[in-house]
Amino acid sequence: MMKAFLIDKFVKDLAELRPREVAFPEQKGHRDLQIQITHAALTHVDMLYAQGLHQNNRRHIKPPFILGTEFAGIVTKSPPSSSFRPGTRVFGSCLGSFAENICADEGTVREVPQRWTNADACAVGASGAVSWGSLVFVAHLKKGETALILGASGGLGVIAVQIAKAVGAKVIAVVGDNEKAGVVRDLGADEVVDYHEPQWENKVKQLTKDEEGVDVVFDPIGAIESGIRCLKYRGRLVIVGFAARGGKIEEVRANRMLLKSITVYGYRFGEDGRRFPENIIVVWNEFMKLVESRKIKPVIYKEKFEGLASIPQALIDLKERKTWGRAVVRINEEAERGERPKL
Ligand SMILES: NC(=O)c1ccc[n+]([C@@H]2O[C@H](COP(=O)([O-])OP(=O)(O)OC[C@H]3O[C@@H](n4cnc5c(N)ncnc54)[C@H](OP(=O)(O)O)[C@@H]3O)[C@@H](O)[C@H]2O)c1
């Protein structure tokens with residue numbers, strides 16, 4: 001047995017969540033790794049999954065399931081054919097990470113780079129690959145272009161800012177307060193705009209060459225009309241998520257797209273992986289090249305969340321938008337250091 005956040009019915013209030021004893025996860029597929037979780041990261045998706053508010057809750061993700069999507073840990077058992085030997089530190093994304101252990105297909109994890117702690121790797125998680133896939137694989141961001149990163153202080157946003165800089169683009173980051181502005185400036189954002197400013201979209205345009213607008217918009221928050229206003233003629237916008245929408249999706253007037261001859265892409269990392277597993281390998285590998293060349297810095301939210309029991313409060317802080325970067329919960333740091341857990 002082990003402790004985990006089993007969702008057998010969706011909750012109305014995140015404070016209702018409690019860890020409980022569940023069966024130890026056993027390897028099912030021939031590529032499954034058994035992993036002892038040391039850290040789990042809190043994402044917008046987890047908050048929605050707990051409440052049944054995510055589009056995936058209509059089809060793929062229904063109770064009973066274990067909450068949590070991003071983690072770092074240590075392989076405890078692997079198939080003989082696997083390159084991940086027991087003892088390897090890994091990070092990645094798989095449903096069921098708010099738990100002491102998880103079984104994950106080896107394609108969903110990567111080895112933790114030597115110079116990163118498991119907390120660092122957990123903070124980057126699959127968000128790095130999602131952001132690289134959106135900006136480069138799908139929206140074809142290039143050196144010399146200008147990228148507008150909406151939700152720039154969030155888990156995907158902090159990585160997107162760094163990817164756009166690594167590509168050689170000028171970055172305009174949009175955030176909600178001064179502390180978050182400081183976070184993205186430290187990551188290299190060239191310009192920062194607060195979305196509370198009236199007509200912030202005009203300010204974005206003023207920051208571009210001849211006030212024409214940006215080449216690419218990265219939108220994980222659901223501000224498509226605003227994004228289009230910021231785009232130049234023939235610009236590109238990639239829709240990644242709807243973090244600002246509270247489940248109510250924006251309706252966009254189609255003439256806006258025609259008038260500027262823009263291209264709007266959608267990118268659904270998980271579904272792309274299910275349909276085209278070869279794409280996800282490319283996306284992960286290209287993102288990891290940036291990690292290896294030290295272009296990516298993990299951004300861990302300053303509050304420490306210790307133990308599984310701290311997850312409900314961490315999710316509430318995420319919902320109240322106190323956090324920036326990734327809030328990381330330390331589930332079993334002793335295991336990473338090779339220590340016995342204190343009894
Ligand atoms: N397409 C995919 O494959 C994929 C994969 C993973 C996640 N996602 C989606 O991507 C989105 C972001 O995920 P995440 O984990 O990065 O979330 P997160 O860490 O919670 O960050 C959310 C961001 O949204 C901003 N935000 C929230 N409400 C806002 C508002 N009213 N106006 C402007 N900005 C607002 C927050 O900034 P402030 O705090 O400053 O307001 C924060 O920067 C989610 O919708 C998630 O479902 C998509």
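Applying both filters, DSSP loop and at most 10 other Cβ atoms within 10 Å, to the trypsin sites (Lys or Arg not before Pro) of region 1-75 gives Lys9, Lys12, Lys28, Arg59.
Remark: accessible surface ordering of His196, His54, His60, His30 (largest first) is His30, His196, His60, His54, probe radius 1.4 Å. From largest to smallest, the equivalent ellipsoid semi-axes obtained for the chain from the alpha-carbon gyration tensor read 34, 21, 19 Å.
Summary of packing: across the peptides 76-85, 102-111, the per-residue average of other C-beta atoms within 10 Å ranks them, highest first, as 102-111, 76-85. Taking amide H atoms as placed 1.01 Å from N in the peptide plane, the amide H of Arg31 has no partner under 5 Å among residues 5 or more positions away or on other chains.
Separation of region 69-139 and region 212-226, taken as the distance between their Cα centroids, equals 29 angstrom. Rounded to the nearest percent, how much of the accessible area of region 1-159 (1.4 Å probe, protein heavy atoms only) is carbon and sulfur? It is 53 percent, rounded to a whole number.
Taking each DSSP H run with n ≥ 4 as -39500 (n - 2.57) and averaging over every residue of the chain yields -8000 deg cm²/dmol at 222 nm.
Once the Cβ-Cβ distance of Tyr233 and Glu334 is raised to the sixth power relative to R0 = 45 Å, the FRET efficiency obtained is 0.20. A simple packing score, the average count of other Cβ atoms within 10 Å per residue, orders the peptides 148-161, 123-136 as 148-161, 123-136, with the highest score first. Solvent exposure of Asp210, expressed as accessible area, is near 120 Å², computed with a probe of 1.4 Å over the protein chains only.
Between Arg275 and Ala254, the simple spin-label model (points 7 angstrom out along Cα→Cβ) gives 2.0 nm. Checking every one of the GluC sites (Glu not before Pro) in region 206-301 against DSSP loop status and a limit of 15 other Cβ atoms within 10 Å picks out Glu212, Glu250, Glu251.
Count the net charge of all other residues whose Cβ sits under 14 Å from the Cβ of Arg253, scoring Lys and Arg as +1 and Asp and Glu as -1. Summing Lys/Arg as +1 and Asp/Glu as -1 gives 0. Can you tally the net charge around Gly154? Count Lys and Arg as +1, Asp and Glu as -1, for every other residue whose Cβ sits under 11 Å from the Cβ of Gly154. Around Gly154, the surrounding residues sum to +3. Taking the square roots of 5 times each eigenvalue of the Cα gyration tensor of region 128-270, largest first, gives ellipsoid semi-axes of 19, 17, 16 Å. Computed over the chain with a Gaussian network model linking Cα atoms closer than 10 Å, the most mobile of Ile311, Ile35, Ile249 is Ile249.
The values are calculated or read from the model by the stated rules, or taken from the named source; none is laboratory data. Quick caveat, the model's predicted, so the values are computed rather than measured. Cβ atoms come from the backbone with ideal geometry, glycine included; neighbour counts cover every protein chain shown. Accessible surface areas use protein heavy atoms only, side chains included; no ligands, DNA or RNA. Shrake-Rupley method; radii C 1.70, N 1.55, O 1.52, S 1.80 Å.
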